[in-house]
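Asks: Following this message is one structure expressed as structure tokens.
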Amino acid sequence: MKKEYLFIIIIVVSLVLAGCLDSPKTGTIPSLYETYAGYFDIGAAVGVGHLGTVHDIFKKHFNRFTAENDMKAGPIHPAKETYCFDNGDAIANFARENGKKLNGHTLVWHSQQPYWLFHDEGGNAVSETELRSRLYDHITTVVGHYKDIIDNWDVVNEAISDSPGKTYRDGKEGSEWYGIFGDEEYIKLAFQYAAEADPDALLFYNDYNAVAPSKVAKIKKMVQWLQSEKVKIDGIGLQGHWNLEWPSLTDIKRAIDEYSSLGLKVKISELDISIYNDYAGGSFQPEAEKRYTKEIEYKQAERYRGLFELFRAKKDVIVHVTFWGVSDDATWLDYFPAGQRNNHPLLFDDNHQPKKALKAIVNF
Ligand code: GLA
């Protein structure tokens, strides 16, 4: 072999060993979840369609999953007597076969619920008694089905109102649960039924913006009500759909401390860091699409670094951190909240290559 070739081979091998060159599949970047073994679990949301394409990354870097949509009431319970477990089972089987854990998401929500759930055959709203019985059947069947593999459930998602002066999302804000019950009683029943269906699962309330002081106060009020009624609630899921500037680490830390003061665990349940800040001026003003420059990637990596420093410091309270997706080619933020606009919120890029953000959180 020519001397020059030998020299090049030596340089490349040294760079790989030093972690400067990498490939997600064979890569020298250490496993994310193994790096965090002494802190908390690391998860990612996945849809059945995407699972096949990011299979190796999943195996290496994550030790728990959330079904992105497949376990929501709409897809999993499309008609009163019909449960459709195929997609959820595909994700659950992948977890079983690969020794991973699963988060249950979600039993009760105001969105992605099937029409039949709230209506009779004539299209009229069902009675509270009927809805109570449907709630019981739904929770008992779905939680029972995944009892061996799901160790925690988002029992209720986004039931708190964003309106000042109102604690709970009501019928006017899209909650047919609240609309038919006439109050928040359905939340208590959902937690009770979930606890009966699987006494070992951790039960969470999950919400967006759950670190804003005004929302923290409302969530605490709900938790205190449930606790006073002796209803089992184990923790709060902070969705974590955040951006490069917002929310502040101070708000996040304060929220974690507030929930912990009620004896609750916290999980970061849907983490992604948008490169846009559409509410910077206080109201929704969508930014125009921008190029994902090296500077933005660097800023995002530093944001992830700061968040994970905080999470590690709170490891006694935080049970897991789950990303809302794996790679930038499959993120809901390409379509929300500003129509179609490329976003780059995750740890792997459009080509499934590791980003600076991944490196920033495994190197500490
Ligand atoms: C909320 C829900 C998730 C998902 C995201 C958007 O955060 O909890 O299930 O639908 O919105 O993708």
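The values are calculated or read from the model by the stated rules, or taken from the named source; none is laboratory data. Keep in mind that this is a model prediction, so the values were computed, not measured. Here the Cβ is made from the backbone with ideal geometry for all residues, glycine too, and neighbour counts use every protein chain on show. Areas reflect the complete protein model, heavy atoms only, side chains present, ligands, DNA and RNA absent. Shrake-Rupley method; radii C 1.70, N 1.55, O 1.52, S 1.80 Å.
Asks: Can you say whether residue 181 is more than 16 Å from the ligand (Cβ to nearest atom), at negative phi and in contact (Cβ under 8 Å) with a residue 24 or more places away in the chain, as far as the supplied structure shows?
Replies: Working: more than 16 Å from the ligand (Cβ to nearest atom): yes; at negative phi: yes; in contact (Cβ under 8 Å) with a residue 24 or more places away in the chain: yes.
Spelling it out, residue 181 is indeed more than 16 Å from the ligand (Cβ to nearest atom), at negative phi and in contact (Cβ under 8 Å) with a residue 24 or more places away in the chain.
Asks: Something else now. Across region 93-117, which residue is nearest to the ligand (Cβ to nearest atom) among those that are in a strand (DSSP E or B) and more than 16 Å from residue 135 (Cβ to Cβ)? Talk me through it step by step, then tell me what you get.
Replies: Step one: list which residues in region 93-117 are in a strand (DSSP E or B), which gives 101-108.
Subsequent filtering for residues that are more than 16 Å from residue 135 (Cβ to Cβ) retains 101-103, 105.
Working: 101: 18, 102: 15, 103: 11, 105: 6 Å.
The selected residue is 105.
Asks: Only one of (1) over 22 Å from residue 194 (Cβ atoms); (2) crowded, with 21+ Cβ neighbours inside 10 Å; (3) not polar (S, T, N, Q) is not met by residue 97, so which one is it?
Replies: So the condition that residue 97 fails would be (2).
Asks: Hey, can you tell me all the residues within region 266-286 that are touching a Leu at 6+ places or on another chain (Cβ under 9 Å) and charged (D, E, K, R)? Step through it out loud before you land on a result.
Replies: Looking only at region 266-286, we keep the residues that are touching a Leu at 6+ places or on another chain (Cβ under 9 Å), and these are 266-277.
Once the filter is applied, which keeps residues that are touching a Leu at 6+ places or on another chain (Cβ under 9 Å) and charged (D, E, K, R), region 266-286 yields 267, 270, 272.
Asks: Which of the residues belonging to region 72-92 are away from the ligand (no atom under 16 Å from the Cβ) and more than 20 Å from the chain's Cα centre (by Cα)? Step through it out loud before you land on a result.
Replies: Of the residues in region 72-92, the ones away from the ligand (no atom under 16 Å from the Cβ) are 78-86, 89-90, 92.
The answer is 78, 79, 80, 81, 82, 83, 84, 85, 86.
Asks: Still on this structure, please answer the following. Just checking, which of 144, 165, 122 is more than 15 Å from the ligand (Cβ to nearest atom) and at pLDDT below 95?
Replies: Details: 144 fails: at pLDDT below 95; 122 fails: at pLDDT below 95.
So the residue among 144, 165, 122 that is more than 15 Å from the ligand (Cβ to nearest atom) and at pLDDT below 95 is 165.
Asks: So which of 121, 173, 158 ends up being at positive phi and of a type in the set (D, E, K, R)?
Replies: Values: 121 fails: at positive phi; 173 fails: at positive phi.
Only one candidate passes the filter, namely 158.
Asks: OK, next. Restrict the check to region 257-266 and report whether at least one residue is part of a strand (DSSP E or B) and closer than 22 Å to residue 105 by Cα. Steps first, please.
Replies: First pass over region 257-266, keeping only residues part of a strand (DSSP E or B): 265-266.
Now restrict to residues that are closer than 22 Å to residue 105 by Cα: 265-266.
Looking for residues that are part of a strand (DSSP E or B) and closer than 22 Å to residue 105 by Cα, one finds at least one in region 257-266, hence yes.
Asks: Of all the residues that make up region 73-92, how many are open to solvent by less than 10 Å² (accessible area, probe 1.4 Å) and either outside the structural domain of residue 198 (by TED's automatic domain parsing) or in a loop (DSSP other than H, G, I, E, B) (or both)? Talk me through it step by step, then tell me what you get.
Replies: Taking region 73-92 first, the residues open to solvent by less than 10 Å² (accessible area, probe 1.4 Å) are 73, 76-77, 88, 91-92.
Cutting the leftovers down to either outside the structural domain of residue 198 (by TED's automatic domain parsing) or in a loop (DSSP other than H, G, I, E, B) (or both) gives us 77.
Within region 73-92, residues that are open to solvent by less than 10 Å² (accessible area, probe 1.4 Å) and either outside the structural domain of residue 198 (by TED's automatic domain parsing) or in a loop (DSSP other than H, G, I, E, B) (or both) number 1.
Rundown of residues vs (1) closer than 30 Å to residue 225 by Cα; (2) among the aliphatic types (A, V, I, L, M); (3) assigned by TED's automatic domain parsing to the domain that holds residue 212, yes/no style:
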{"site": "254", "(1), (2), (3)": "yes, no, yes"}
{"site": "280", "(1), (2), (3)": "no, yes, yes"}
{"site": "300", "(1), (2), (3)": "no, no, yes"}
{"site": "318", "(1), (2), (3)": "yes, yes, yes"}
{"site": "321", "(1), (2), (3)": "yes, yes, yes"}
{"site": "325", "(1), (2), (3)": "no, no, yes"}
{"site": "335", "(1), (2), (3)": "no, no, yes"}
{"site": "348", "(1), (2), (3)": "no, no, yes"}
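Asks: In a strand (DSSP E or B) and farther than 15 Å from residue 242 by Cβ - does that describe any residue in region 301-317?
Replies: No: region 301-317 contains no residue that is in a strand (DSSP E or B) and farther than 15 Å from residue 242 by Cβ.
Results for (1) free of Cβ contacts under 8 Å to residues at least 40 places away in the same chain; (2) small (Gly, Ala, Ser); (3) surrounded by 19 or more Cβ atoms within 10 Å (Cβ to Cβ), shown as yes or no for each residue.
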residue: 207; (1), (2), (3): no, no, yes
residue: 215; (1), (2), (3): no, no, no
residue: 224; (1), (2), (3): yes, no, no
residue: 234; (1), (2), (3): no, no, yes
residue: 252; (1), (2), (3): no, no, yes
residue: 256; (1), (2), (3): no, no, yes
residue: 264; (1), (2), (3): no, no, yes
residue: 267; (1), (2), (3): no, no, yes
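Asks: Let me ask something else about it. Hey, could you check region 39-71 for residues that are among the aromatic types (Phe, Trp, Tyr) and more than 16 Å from the ligand (Cβ to nearest atom) and say which is surrounded by the fewest Cβ atoms within 10 Å (Cβ to Cβ)? Write out each step before concluding.
Replies: Start the filter on region 39-71 by keeping residues that are among the aromatic types (Phe, Trp, Tyr), which leaves 39-40, 58, 62, 65.
Remaining after also requiring more than 16 Å from the ligand (Cβ to nearest atom): 39-40, 58, 62.
On the way: 39: 18, 40: 23, 58: 20, 62: 25.
Residue satisfying both the conditions and the ranking: 39.
Asks: When you check residue 25 against the structure, is it open to solvent by 80 Å² or more (accessible area, probe 1.4 Å) and either at pLDDT 95 or above or outside any strand (DSSP E or B) (or both), yes or no? Write out each step before concluding.
Replies: Values: open to solvent by 80 Å² or more (accessible area, probe 1.4 Å): yes; either at pLDDT 95 or above or outside any strand (DSSP E or B) (or both): yes.
Yes; evaluated as a whole, the condition is true for this residue.
Asks: Shifting gears a bit: Out of 261, 248, report the one residue that is over 20 Å from the mean Cα position of the chain (by Cα) and more than 18 Å from residue 190 (Cβ to Cβ). Don't jump to the end; show me each part of the working.
Replies: Details: 248 fails: over 20 Å from the mean Cα position of the chain (by Cα).
Every option except 261 fails the conditions.
Every residue, every condition in (1) without any contact (Cβ under 8 Å) to a residue 40 or more places away in the chain; (2) open to solvent by 30 Å² or more (accessible area, probe 1.4 Å); (3) within 16 Å of the ligand (Cβ to nearest atom), yes or no:
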{"site": "312", "(1), (2), (3)": "no, yes, no"}
{"site": "315", "(1), (2), (3)": "no, yes, no"}
{"site": "343", "(1), (2), (3)": "no, no, yes"}
{"site": "348", "(1), (2), (3)": "no, no, no"}
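Asks: Okay, moving on. Of these, 296, 361, which one is among the hydrophobic types (A, V, I, L, M, F, W, C), surrounded by 14 or more Cβ atoms within 10 Å (Cβ to Cβ) and farther than 26 Å from residue 63 by Cα? Spell out how you get there, then give the answer.
Replies: Values: 361 fails: farther than 26 Å from residue 63 by Cα.
Answer to the selection: 296.
Asks: Related question: In the set 324, 332, which member is under 16 Å from the mean Cα position of the chain (by Cα), of a type outside the set (Asp, Glu) and open to solvent by 70 Å² or more (accessible area, probe 1.4 Å)? It would help to see each step written out before you state the result.
Replies: Values: 324 fails: open to solvent by 70 Å² or more (accessible area, probe 1.4 Å).
Of the residues listed, the single one that is under 16 Å from the mean Cα position of the chain (by Cα), of a type outside the set (Asp, Glu) and open to solvent by 70 Å² or more (accessible area, probe 1.4 Å) is 332.
Asks: Does residue 339 satisfy the condition of being on the phi > 0 side of the Ramachandran plot and either surrounded by fewer than 16 Cβ atoms within 10 Å (Cβ to Cβ) or of a type in the set (A, V, I, L, M) (or both)?
Replies: Details: on the phi > 0 side of the Ramachandran plot: yes; either surrounded by fewer than 16 Cβ atoms within 10 Å (Cβ to Cβ) or of a type in the set (A, V, I, L, M) (or both): yes.
When the stated conditions are applied, residue 339 passes them.
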